[in-house]
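These notes concern the structure reproduced below.
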Amino acid sequence: MKRKLRMGMVGGGNNAFIGAVHRMAAFLDNQIELVCGCFSRNPEISLESGISYYLPENRIYTTYQDMIEKEAQLPECERMDFVAIVTPNVDHYGPAILALEHGFHVVLDKPMTFSLDEAKKLKTKVDETGLVLALTHVYSAYPAVKEARARIARGDFGQIRKVYVEYPQGWLSKRIELESGNNAGWRTDPKRSGKAGGMGDIGTHAWHLSEYISGLKVTELCAEIKAFVPGRPIDDDGAALLRFDNGATGTLIASQVAVGEANAIKIRVYGEEGGIEWAQENPNTLIVKWGNKPSEIYSVGGNTFLTPTALYYTRTPAGHPEGFIEAFANIYRNFAYTVQAKLAGEEPKPEWLDFPTVDDGLRGMQFIETIVKSGYDNETKWIKWVE
């Protein structure tokens with residue numbers, strides 16, 4: 001009999017923004033329930049958080065090791081089915097690899113790991129176990145993004161020539177990591193974030209969106225990255241020229257010192273016959289541009305003119321905005337359906353498999369490695385994709 005999947009969490013205490021996002025998204029389609037967690041390194045915060053989530057105290061753990069090992073010892077009808085890991089980058093690999101070793105599926109925030117070496121090991125383990133790992137590249141899950149990808153894939157615009165993607169923010173224009181009450185501390189600390197700062201945090205989102213919508217792969221890039229804020233030990237701004245595997249070229253810009261910008265990720269893709277434009281701050285609108293007729297503006301909703309792919313991800317009638325939580329939930333829904341199918345010994349439907357996986361995570365870490373290698377070089381030069 002089909003049932004809800006049982007979720008455990010590592011991180012995501014009641015003092016963490018992204019943990020609440022994960023829970024809202026996971027619960028939206030009524031396919032998942034929270035049964036356990038280690039919600040913080042601080043045992044008091046973990047316990048307080050678990051109690052506020054209405055969990056029994058024996059399912060609230062002080063370490064992720066304890067949680068995974070004890071959950072694995074519970075009867076199959078009680079133990080968690082998967083773990084959602086919502087921690088700083090340095091703490092992604094440990095709980096993810098341990099969960100896979102104990103037979104648990106994984107949902108993981110991006111970038112996937114602290115280093116490329118960890119990403120390769122994690123992919124090997126996923127391949128060995130056959131378990132499911134979903135990566136939360138949330139911007140790929142908006143219905144309008146699905147529509148753009150589907151139109152490009154069916155050849156509406158001919159061969160793709162140009163990709164422009166930008167992700168400006170302004171919240172790190174001052175050194176707020178020295179203050180309390182924000183999550184800038186670990187994001188600007190290479191000991192916790194890894195070798196990339198802004199490029200790891202938001203540059204990976206921009207890169208992933210460029211490949212996901214276009215259907216292409218970056219093969220080379222030429223970059224400049226730097227820290228504008230004095231004293232900051234890691235990049236807060238950068239840009240790169242891109243070369244794709246079909247001969248297309250593009251640019252990628254990611255900045256966390258663009259004063260006045262909030263979360264302005266935007267992409268434009270152009271082919272031989274036309275192009276598309278999408279901006280996350282106006283997520284329900286897709287602009288389609290042509291050379292020989294007026295531009296078209298498509299509003300996402302239950303509209304018959306959308307592709308079946310976009311309609312599958314659309315939850316409300318036209319005119320009812322869908323946003324960040326719903327996009328996040330689209331990843332969790334497909335992950336849940338895929339895991340449920342595997343638990344039942346069935347083959348997941350093709351549409352359920354449309355979510356970022358360990359392969360996207362590995363390419364994301366290769367992107368970081370490549371852009372850092374190019375961006376900090378004293379001489380501007382093209383760098384082939386680091387394998």
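Things worth noting here:
- Any chance Asn30 is polar (S, T, N, Q), surrounded by 14 or more Cβ atoms within 10 Å (Cβ to Cβ) and in contact (Cβ under 8 Å) with a residue 24 or more places away in the chain: no
- Among the residues of the stretch 89-140, just one is closer than 20 Å to Gly198 by Cα and either of a type in the set (Lys, Arg) or modelled with pLDDT under 95 (or both), namely Lys110.
- Test: residue in the stretch 294-307 that is under 30 Å from Lys2 (Cα atoms) and touching a residue at least 24 places away in the same chain (Cβ under 8 Å): yes
- Looking across the stretch 70-87, the residues that are within 29 Å of the chain's Cα centre (by Cα) and not in a loop (DSSP other than H, G, I, E, B) come down to Lys70, Glu71, Ala72, Phe82, Val83, Ala84, Ile85, Val86.
- Of Lys146, Lys174, all but one fail to be more than 16 Å from Gly361 (Cα to Cα) and buried (at least 22 other Cβ atoms within 10 Å of the Cβ); the exception is Lys146.
- Scope the stretch 13-48; condition within 18 Å of Glu71 (Cβ to Cβ), among the polar types (S, T, N, Q) and either part of a loop (DSSP other than H, G, I, E, B) or touching a helix residue (DSSP H, G or I) at 6+ places or on another chain (Cβ under 8 Å) (or both); matching residues: Ser40
- Listed by first and then second residue, the pairs linking a residue in the stretch 338-353 that is part of a loop (DSSP other than H, G, I, E, B) to a residue that is surrounded by 14 or more Cβ atoms within 10 Å (Cβ to Cβ), with Cβ atoms under 8 Å apart and 6 or more places separating them unless they lie on different chains, are Glu347/Ala341; Pro348/Tyr337; Pro348/Thr338; Pro348/Ala341; Pro348/Lys342; Lys349/Tyr337; Lys349/Ala341.
- Residue in the stretch 192-204 that is farther than 19 Å from Gln366 by Cβ, surrounded by fewer than 24 Cβ atoms within 10 Å (Cβ to Cβ), outside the structural domain of Val86 (by TED's automatic domain parsing) and touching a residue at least 60 places away in the same chain (Cβ under 8 Å) present: yes
- Subset of the stretch 88-138 [of a type in the set (Gly, Ala, Ser), within 17 Å of the chain's Cα centre (by Cα) and not in a helix (DSSP H, G or I)]: Ser115, Ala134
- The strands (runs of 3 or more DSSP E) falling completely within the stretch 223-292 that include 3 or more residues that are small (Gly, Ala, Ser) and in contact with a strand residue (DSSP E or B) (Cβ under 6 Å, 6 or more places away or on another chain) map to 237-244, 249-255, 274-279.
The values are calculated or read from the model by the stated rules, or taken from the named source; none is laboratory data. Computed from a predicted structure; not experimentally measured. Neighbour counts run over all protein chains shown; Cβ positions are idealised from the backbone, glycine included.
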